[in-house]
Amino acid sequence: NLILIGLRGSGKTTAGQHAARLLRRGFVDLDDRTPRLLNAPTVADAWNTHGEPAFRQAETRSLRETLAQADQIIALGGGTPTAPGAPDLIRAEQAAG
């Protein structure tokens, strides 16, 4: 897996989609997956409805589930590296890669 980390609005999704096409890999945007775990249509809705702690827990779960698959380009949410447990998952993926 190739994990893209950066600030909110820095272009991770755009770069990730482009890299996925070039490398012929799947693309996953955690900003799409995480809200679905909370039955929300968007990150903003999930955040506003459930609050930061629940959102960050869902973000970590989304990352864990995504990393269970190989050969993907993964765009993290801007704050994903601050979610509880997420840094450990990222380091483990880096060590495995």
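The values are calculated or read from the model by the stated rules, or taken from the named source; none is laboratory data. All values derive from a computational prediction rather than experimental measurement. Note: ideal-geometry Cβ built from the backbone for every residue, glycine included; neighbour counts use all protein chains shown. Just the protein is used for accessible areas: all its heavy atoms, side chains included, with ligands, DNA and RNA removed. Shrake-Rupley method; radii C 1.70, N 1.55, O 1.52, S 1.80 Å.
At a glance:
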read-out	value
Exclusive hit being assigned to a loop (DSSP other than H, G, I, E, B) and among the small types (Gly, Ala, Ser), set SER62, SER10	SER10
Members of region 18-35 that are open to solvent by 40 Å² or more (accessible area, probe 1.4 Å), part of a helix (DSSP H, G or I) and either β-branched (Val, Ile, Thr) or touching a residue at least 12 places away in the same chain (Cβ under 8 Å) (or both)	LEU23, ASP31, ARG33
Leading residue by the ranking (surrounded by the fewest Cβ atoms within 10 Å (Cβ to Cβ)) among those in region 65-79 that are of a type in the set (A, V, I, L, M, F, W, C) and assigned to a loop (DSSP other than H, G, I, E, B)	ALA68
Qualifying residue in region 88-97 (condition: under 19 Å from SER10 (Cβ atoms), open to solvent by 90 Å² or more (accessible area, probe 1.4 Å) and modelled with pLDDT under 95)	no
Residues being in contact (Cβ under 8 Å) with a residue 12 or more places away in the chain and among the charged types (D, E, K, R) - total across region 66-97	2
Scope region 1-17; condition under 11 Å from the mean Cα position of the chain (by Cα) and open to solvent by 80 Å² or more (accessible area, probe 1.4 Å); matching residues	ILE5
All positions within region 1-47 that are among the polar types (S, T, N, Q) and in contact with a strand residue (DSSP E or B) (Cβ under 6 Å, 6 or more places away or on another chain)	ASN1, THR13, GLN17
Options ALA40, ALA19, ALA68, ALA54; residue that is in contact with a His (Cβ under 8 Å, 6 or more places away or on another chain) and either modelled with pLDDT of 95 or more or at negative phi (or both)	ALA40
Tally, over region 40-58, of residues that are within 14 Å of the chain's Cα centre (by Cα), buried (at least 18 other Cβ atoms within 10 Å of the Cβ) and assigned to a loop (DSSP other than H, G, I, E, B)	0
